[in-house]
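Input: a single structure, listed below in structure tokens.
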Amino acid sequence: MKNLLPVCMFLLIYSPKIGGSIDSMSIFCSLTFVMSFLVDQRTTIFKNIGRPTLMYILFGAVMVGYVLILKAFYGLTDNYQVLRFGRVIINVLGIFGLVRLYIFYFRGENYGERLIFHLWCCVIAHSVLMLLMFLIPAVNNFVLTQLVQLDENNRTFETRLLGQRIGGLTSTWDAASGIQSLGILLLPFILHYKRHSKKARILIYLSIPISFIAIFVSGVTGLVNIVVVSVLLLLFNFRYLQKYIGRAIKLVVVFLLLAIPIVTFLRANADADWVRNSSIGRTLFMITQDETMYQRSNRSVTADETLERISNNMYFIPDEDIVFLFGKGGSGRSEDYRIKADPGPTLNLHNLGIFFVLLVYGYCFSMLLKAIRVTRSVRLLGMATTAILLTIMIIDAKVMYLLARQSLSIMLIAYYTIFACLSRTNKA
């Protein structure tokens, strides 16, 4: 069982929603929770994982009751929020069971470091799957039609089946691109963690191009996230990182020397279908800002036009005070009511009201502050957990992702790691 823990973690993060109705992740979460008590039969629960677990379960239960009241008040047929928060409870129990297993098998070690390392391995494994889906149409077809069983009426079905945008096992390619950026952002911790193993370091370096390819074929969110999170981490830890600025500049120079030939090659093959009709062409246009690339990449709008559209149509507050305060309780994507918005804060404000927005995002910021606090004593691990939390929040600012299936599992792993670090710090 010990050697299967990374596989178990992968299933708790990337298990697909089959046919749009069967949530295989919830099934694996339930099995993991039960398995943790079969393996470790002790009834005592460590405070550093028991307290956050109870808080999340209480939050999920309160929100299920809240959205049921809204659903009855408005007479909605949309069950999205009820299922969303019901799944929150199941996901929390699943990750709680997973962490119990890590504590049981790695009780003599820092299980928090092992959790983050295995999380990185899961992200890289998904990058490999995305690469195979892009290169081999049969693999893409199998994943979409047999594993994910994507509905043919889904508006993204044709684009994904043709391999023009690769989302892997996730439901949105924007989120997939953002999460795959963790393959790059977690590298400082991963290289330090495996500093004594030459073979492991070679494999880690080989994962870098795979991560970038996975980002390129799914969208530009991952590239933007790498830049934004890197800048924020530098600002949060400038006093510590300033002595590494010289080394960082060398790494940037090496990266550019490797990236320039690749970009040149892609520009030379801009007319090829695998570039022009995929997300690679769109990403290439964002990097080069070449007007000819704009025409070849099949982009419908430029970056400036995209920002203008977002500012005009996507970021807005409800017109009705009652909706602003309490929300409507649905998804904003059903026949009950529709919202022309993608960002998480906007959708959550319309669907659940200002109290929910302050509660959830305020709690996220408190988690972020805890992660930053951890960096004072456990520098690289604290920066890794900070990068994970920032990534989830940045993706949510573009497309609603907070408390989504993959995001909640990833955030909880970082969350438990923070408490493990704080517990170790307090003991010291």
- [ ] With a 10 Å radius around each residue's Cβ, average the other Cβ atoms per peptide and rank 351-364, 404-417, highest first.
- [x] 404-417, 351-364
Open item on the list: Let's test the formula: R0 of 30 Å, r as the Cβ-Cβ distance of residue 235 and residue 40. What FRET efficiency results, to the nearest 0.05?
Closed with: 0.15
- [ ] Step through the residues of region 323-333 one at a time and calculate ³J(HN,Hα) from phi using the Karplus curve (6.51 cos²θ - 1.76 cosθ + 1.60, θ = phi - 60°), rounding each to whole Hz and writing x for Gly and Pro.
- [x] 6, 4, 7, 10, x, 10, x, x, 9, x, 10
Open item on the list: With the cut-off at 26 Å, tell me which of the pairs 370/398; 17/370; 2/398; 17/199; 328/370; 17/194 have Cα atoms farther apart than that.
Closed with: 17/370; 2/398; 17/199; 328/370; 17/194
Task: residue 145-residue 264 pseudo-label distance in nm [points 7 Å out on the Cα-to-Cβ vector] - done: 4.1 nm
Task: Globularity index of region 322-428, i.e. its alpha-carbon radius of gyration over 2.2 N^0.38 Å - done: 1.24
- [ ] Return the long-range amide H neighbours of residue 403 (sequence gap of 5 or more, or a different chain), with a cut-off of under 5 Å between placed amide H atoms.
- [x] 408
Open item on the list: Sort 87-98, 183-194, 334-345 by the packing proxy (mean of other Cβ within 10 Å over each peptide's residues), most packed first.
Closed with: 87-98, 183-194, 334-345
Task: Phi-based couplings in Hz for region 368-383 (Karplus 6.51, -1.76, 1.60; Gly and Pro marked x) - done: 4, 5, 5, 5, 5, 4, 4, 4, 5, 10, 10, 4, 5, 5, x, 5
TODO: Determine, from the Cβ-Cβ distance of residue 321 and residue 57 and an R0 of 25 Å, the FRET efficiency 1/(1 + (r/R0)^6), rounded to the nearest 0.05.
DONE: 0.20
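Bear in mind that the values in this text are calculations on the coordinates, not laboratory data. Since the model is a prediction, treat every value here as computed from it, not as a measurement. Glycine gets a Cβ as well: all are built from the backbone with ideal geometry, and neighbour counts include every protein chain shown.
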